[in-house]
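Trainee: Dumping the structure here so I can ask a few things about it.
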Amino acid sequence: MREWKEKIVMAGFGGQGIMLMGKLLAYAGMFEGRNVTWLPSYGPEMRGGTANCMVIISTGRIASPYIVEPSSIIVMNQPSLDKFEKAVKSNGLILVNSSMVNRAVERRDLKVFKVAASELAEDLGSVHVANMVALGAYVKVKPIVKIESLEKSLSSVLPVYRRDMLKLNRRALKLGFREALEVEGETS
């Protein structure tokens, strides 16, 4: 079996659930027997400041959790696209929350997918699950873990005081996964 490694950066504002999204992806990778790392990074403010995390999922060893050149990025807002677009490796992937990003991806050497994560989350009843919509869409267009592994991981990752959100988070993951069928794949 050939070794593979996916390096993902997830980025947005504090309060958008970026760390939860990354931790969930890392746990799903562990449940599938892969090697994983998760490295959070916060701006000076918790809510409203910048937040990103780096996740590596691999069938082989991982030398460092720090990512200089991600193979994929999930951007939940405009400043995150501005900051990380140039870093993505050539032929990499960008998943954009089109509800919060107002410009097109400028690079022509990337696969670009859009999902209106915030709007879809509002339709479910809570903008707080936009992160799960985006993550569900991401694993549809880049199937590095199974959607079932993400769902299974939710009960391990969600804090006790958020257990009442378990069902809604599962619905949001599935909605993102379904919507990915209609996600615009484009080479910008």
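The values are calculated or read from the model by the stated rules, or taken from the named source; none is laboratory data. Predicted model only: the values in this text are computed from it and were never measured. Neighbour counts are summed over all protein chains in view; Cβ atoms, including those assigned to glycine, are modelled from backbone coordinates with ideal geometry.
Trainee: In segment 67-106, which residues are farther than 17 Å from G12 by Cα and of a type in the set (S, T, N, Q)?
Mentor: S71, S90, N91
Trainee: Report, by residue number, each residue of segment 66-114 that is over 24 Å from W4 (Cβ atoms) and acidic (D, E).
Mentor: Those that are over 24 Å from W4 (Cβ atoms) and acidic (D, E): D82, E106.
Trainee: Can you tell which of K174, K142 is surrounded by fewer than 18 Cβ atoms within 10 Å (Cβ to Cβ) and modelled with pLDDT of 95 or more?
Mentor: K174
Trainee: If you go through segment 75-91 one residue at a time, how many are outside any helix (DSSP H, G or I), more than 13 Å from S118 (Cβ to Cβ) and not small (G, A, S)?
Mentor: 3
Trainee: Looking for something under 16 Å from the mean Cα position of the chain (by Cα) and either crowded, with 22+ Cβ neighbours inside 10 Å or among the basic types (K, R) (or both) - is there at least one such residue anywhere in segment 28-35?
Mentor: Yes, some residue in segment 28-35 is under 16 Å from the mean Cα position of the chain (by Cα) and either crowded, with 22+ Cβ neighbours inside 10 Å or among the basic types (K, R) (or both).
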